[in-house]
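Inspection log for the structure reproduced underneath, given as structure tokens.
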Amino acid sequence: MSNDVVRAEAAKKRQESPAVDMKLEVVVIPVSDVDRAKRFYGDLGWRLDADFAVGDTFRVVQFTPPGSPSSIHFGIGLTSALPGSVQGLYLVVSDIEAAHAELVARGVDASEVSYRTGPGQPAIKGRDPERRTYNSFTSFKDPDGNAWLLQEITTRLPGRIDADTRFTAPAELAAALRRAAGAHGEHEKRTGGQRDENWPDWYAEYMVAEQAGKPLPT
């Protein structure tokens, strides 16, 4: 059997078989002073998961942002990257102004909230007045200059998440419930203003569709 035939059959099997889950677990952050970085990320309110050292040549510290399934590592003997060389690390939030206020309250020099009307467009001061998802940002750097960007996302684009619906923090779930409540109020108006006894089903359908990027119920 030729190599071309073998590759074609292997490609066909890959298409027919479900992909193996590969979930991002950790991003390594290069820092010059491990204890200083530990204080900084601890002061952010991130969860300290581990601090393991082996002699003077290896140390790993793990922090996890609130509600995040992924974590960061920094320490000694982890990477040859220059401290501060990691840029554009994204943190997703459901309320950019609340996130900015918390950063400032924790002593972080966060940038002003800004928004863009589209990819590659110049930044405009303030949150997107229409609260369009993916459009509003703020940013900050750790003491070494590793840069983080916070992006407000309330509705995912189609195909961007798995079929299951997940909320990683109470505030995120509460915000989704408020959006569903507002949409359901408009739904009741369109149906004659009578109370919808099946509102829990309607809320559930709305919230699942919103997070999956599918057409919303009316």
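The values are calculated or read from the model by the stated rules, or taken from the named source; none is laboratory data. Everything numeric in this text was worked out from a predicted model, so none of it was measured. No Cβ is skipped: glycine too gets one built from the backbone with ideal geometry, and neighbour counts run over all protein chains shown.
A few points about this structure:
- The condition (being under 22 Å from LEU24 (Cα atoms), buried (at least 16 other Cβ atoms within 10 Å of the Cβ) and at pLDDT 95 or above) is satisfied by just one residue among ILE72, ILE96: ILE72.
- In region 21-41, the residues that are within 19 Å of the chain's Cα centre (by Cα) and either farther than 20 Å from GLY77 by Cβ or assigned to a helix (DSSP H, G or I) (or both): ASP21, MET22, LYS23, LEU24, TYR41
- Selection status of PRO119, without any contact (Cβ under 8 Å) to a residue 24 or more places away in the chain and more than 17 Å from the chain's Cα centre (by Cα): yes
- Filter pass, ARG47 being basic (Lys, Arg), out of contact with any Phe, Trp or Tyr (no Cβ under 7 Å at 6 or more places or on another chain) and at pLDDT 95 or above: no
- Criterion (assigned to a strand (DSSP E or B) and either outside the structural domain of ARG179 (by TED's automatic domain parsing) or of a type in the set (A, V, I, L, M) (or both)) met by exactly one of GLY67, GLY75: GLY75
- Residues of region 45-69 that turn out to be surrounded by fewer than 16 Cβ atoms within 10 Å (Cβ to Cβ), within 18 Å of PRO30 (Cβ to Cβ) and touching a helix residue (DSSP H, G or I) at 6+ places or on another chain (Cβ under 8 Å), as a count: 1
- Candidate set from region 75-93 (those that are within 30 Å of GLU172 (Cα to Cα) and in contact with a strand residue (DSSP E or B) (Cβ under 7 Å, 6 or more places away or on another chain)); member that is surrounded by the fewest Cβ atoms within 10 Å (Cβ to Cβ): GLY88
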